[in-house]
Every structure is written in structure tokens, then in C-alpha cells.
Amino acid sequence: MIHKIPAMHYKMPRNGGTTLRMRRYNPLPVALVPLGNTGITPPATPLTAVDIDAKMSFYGQYVQLNDK
């Protein structure tokens, strides 16, 4: 249960399957153009993302008790 502490919790929709798709954005490069007092917008930087698929597994136990 040590892995449960830093984990992010997501709720899956009902009948949504067993695969959860998450998106991680790559870091932006260092800005090389200084901002001046002219108010001109600097050139745009494209933002790239990586999709990560996580497949869920279900765990459980079964205990059978007998009174005899």
C-alpha cells in the first residue's frame, strides 16, 4: 500500500472499459527572445503532448468459512 500515497486518483465512467488514457505535456524550451516595452507578442511555441495508456487490473480474494 506504499504506492497508494503519491498516486493520483481517477474515477472511470461506468462501462468505460479497463484502459485509462492520460496526457502529459512536454516541457517548453528556454525562451531566447527577450520581452521589450514595445508590446509586440513574441513568436508562438508549439506545445506537444504524449498520451499514456494505463491498463487497470483487479485484485481480490475469496474466503470460504465452514461452521464445523
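Pairing each residue of the range 12-29 that is surrounded by 10 or more Cβ atoms within 10 Å (Cβ to Cβ) with any residue that is among the hydrophobic types (A, V, I, L, M, F, W, C) and in a loop (DSSP other than H, G, I, E, B), provided the two are 6+ apart or on different chains, yields C-beta distances under 6 Å for T18/M56. In the range 46-62, is there at least one residue being surrounded by 10 or more Cβ atoms within 10 Å (Cβ to Cβ) and without any contact (Cβ under 8 Å) to a residue 12 or more places away in the chain? Checked the range 46-62: no residue is surrounded by 10 or more Cβ atoms within 10 Å (Cβ to Cβ) and without any contact (Cβ under 8 Å) to a residue 12 or more places away in the chain. Scanning the range 13-41 for residues that are more than 30 Å from the chain's Cα centre (by Cα) and at negative phi yields V33, P34, L35, G36, N37, T38, I40, T41. From (1) open to solvent by 100 Å² or more (accessible area, probe 1.4 Å); (2) among the β-branched types (V, I, T); (3) at pLDDT 80 or above, pick out the condition that doesn't hold for I5. Going through (1) open to solvent by 100 Å² or more (accessible area, probe 1.4 Å); (2) among the β-branched types (V, I, T); (3) at pLDDT 80 or above one by one, I5 breaks only (3). Just one residue in the set D67, D51 is modelled with pLDDT of 80 or more and within 19 Å of the chain's Cα centre (by Cα); that residue is D51.
The values are calculated or read from the model by the stated rules, or taken from the named source; none is laboratory data. All figures in this text were calculated on a predicted structure; none of them were measured in a lab. Neighbour counts run over all protein chains shown; Cβ positions are idealised from the backbone, glycine included. The area values use the complete protein model at the heavy-atom level, side chains included, leaving out ligands, DNA and RNA. Shrake-Rupley method; radii C 1.70, N 1.55, O 1.52, S 1.80 Å.
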